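Peer 1: Following this message is one structure expressed as structure tokens.
The values are calculated or read from the model by the stated rules, or taken from the named source; none is laboratory data. The structure presented is a predicted model; accordingly, all values stated were derived computationally and were not measured. Glycine also receives a Cβ, built like all others from the backbone with ideal geometry; neighbour counts cover every protein chain displayed.
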Amino acid sequence: MRLSALIEEFVIDCRSRRLSPKTVSWYQANLRYFLDWLLAHDELDALHAFTLVNARRYSQDLAERGARQGTFVGGASQRGVYAFIETDVPLTANTITGYLRTLKTFSRSLAAEEQGYTSRDLLAGLRLPKRPQTHQEPLTPDEMGQVLAGYDLRHPIAMRDFAILLTYLGTGLRATELTNLLLDVVHLAEGYLRVRSGKGNKTRAVNLPPEVARAILRYQQHYRPQSDDPHVFLTRTGTALSYNAIKLVLRRARRRSGIERLHAHLLRHSFSVSALTDGMDLMTLKETLGHTDIRTTSRYLAMAEQQLIEQQRKVNPLARVTLPKTVRKPMRRPEDEN
């Protein structure tokens, strides 16, 4: 049986289970990468090539491979052609883990009772690389100010970009949730929005701070193109923003602010840490972010605690208190003991 056909069946099954389109696309791309790797290494497009040995060889190859970076190709026949070039920067452990987790998920699906393509989970013994216990520092309040500074709010695109960034920082939405945001779920007067297309197709309500509501209202009333498209944020031609368009918004913000680590998920991290620092409990944050497992939310506790420690170090309640001088106990001499 052809492995490509099984991959296609797996993708269809994922769609039928109503997994998010981004997750399905991610699974499909990762499995396609593995199939391409098999074909490049003289393996057949067949189920018998899906083995633990080949998966381990693939894992080793990923560890030695350079990351690819997206760039616009100059001098191409079509303006704005986007391509990927391989760099000398190695793939991170998190990236490699993502590729291999997809293979393991696919392997379990093949062995499931309702599928029965394999008698057992072929990749049960595939080990994932050890992921470093590190996290990217969230934006400080000063850095958030840098991200939002310098926009000419009389310009349509600048006003839109400003509202997008403010929405990220004020609500903690995912990138795809922001691009899928519809006019009829944003309740500006009531101060909340409803996320209908969250990860796992869960629906949740998210508070809308007044600053965010004002920015969205100003964009809608004065700068949003006249269009029948129901999405909140539109391109200059009146169509819904794509995920790549959001990347361009963040690229401009990165260049403007000088904060090189700026990306969509960092804004979500920063919202989460700020919420915990300001007193939001972990369960409320879990529901706000749309997490299924509270263990995913709890990782923000360490970031929030570190930020609290840094704030605490700026305050010394004993700085203006006069303390008695410490007198060292004199050393006893041998002759004093006689």
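Peer 1: Just checking, does segment 234-245 include any residue being in contact with a strand residue (DSSP E or B) (Cβ under 6 Å, 6 or more places away or on another chain) and in the same structural domain as MET303 (by TED's automatic domain parsing)?
Peer 2: yes
Peer 1: Based on what the data block shows, is LEU173 of a type in the set (A, V, I, L, M, F, W, C) and over 21 Å from ARG18 (Cα atoms)? If you could, list the steps in order and put the result at the bottom.
Peer 2: Working: of a type in the set (A, V, I, L, M, F, W, C): yes; over 21 Å from ARG18 (Cα atoms): no.
So LEU173 does not fit the description; no.
Let's see how each residue does on (1) assigned by TED's automatic domain parsing to the domain that holds SER274; (2) at pLDDT 90 or above; (3) not in a helix (DSSP H, G or I):
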site	(1), (2), (3)
PHE162	yes, yes, no
LEU165	yes, yes, no
TYR168	yes, yes, no
THR176	yes, no, no
ASP184	yes, yes, no
SER197	yes, no, yes
GLY200	yes, no, no
ALA205	yes, yes, yes
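Peer 1: Against the definition (more than 18 Å from the chain's Cα centre (by Cα) and assigned to a helix (DSSP H, G or I)), how does LEU276 come out, yes or no?
Peer 2: Judged against the criteria, LEU276 is a match.
Peer 1: Go through LEU62, LEU19 for me and flag whichever is at pLDDT below 95, in a helix (DSSP H, G or I) and among the aliphatic types (A, V, I, L, M). Reasoning before the result, please.
Peer 2: Details: LEU19 fails: in a helix (DSSP H, G or I).
Testing whether each residue is at pLDDT below 95, in a helix (DSSP H, G or I) and among the aliphatic types (A, V, I, L, M) leaves just LEU62.
Peer 1: Here's something else I'd like to know. Looking at segment 279-290, can you tell me whether even one residue there is polar (S, T, N, Q) and under 20 Å from the mean Cα position of the chain (by Cα)?
Peer 2: Looking for residues that are polar (S, T, N, Q) and under 20 Å from the mean Cα position of the chain (by Cα), one finds at least one in segment 279-290, hence yes.
Peer 1: Same structure again: With surrounded by 13 or more Cβ atoms within 10 Å (Cβ to Cβ), at pLDDT below 95, farther than 30 Å from SER270 by Cα and touching a Lys or Arg at 6+ places or on another chain (Cβ under 8 Å) as the only criterion, which of LEU91, LEU126 stands out?
Peer 2: Just a single option satisfies the conditions, and that option is LEU126.
Peer 1: Follow-up question, since we're still on this one. For segment 50-68, how many residues meet the condition of being surrounded by 13 or more Cβ atoms within 10 Å (Cβ to Cβ) and either β-branched (Val, Ile, Thr) or touching an Asp or Glu at 6+ places or on another chain (Cβ under 6 Å) (or both)?
Peer 2: So the count comes out to 2.
Peer 1: Taking GLU190 as meeting all but one of (1) over 24 Å from the mean Cα position of the chain (by Cα); (2) surrounded by 13 or more Cβ atoms within 10 Å (Cβ to Cβ), write down the number of the exception.
Peer 2: That leaves (2) as the condition not met.
Peer 1: Kindly indicate whether any position in segment 283-302 is modelled with pLDDT under 65, charged (D, E, K, R) and loosely packed, with under 10 Cβ neighbours inside 10 Å.
Peer 2: Scanning segment 283-302 turns up no residue that is modelled with pLDDT under 65, charged (D, E, K, R) and loosely packed, with under 10 Cβ neighbours inside 10 Å.
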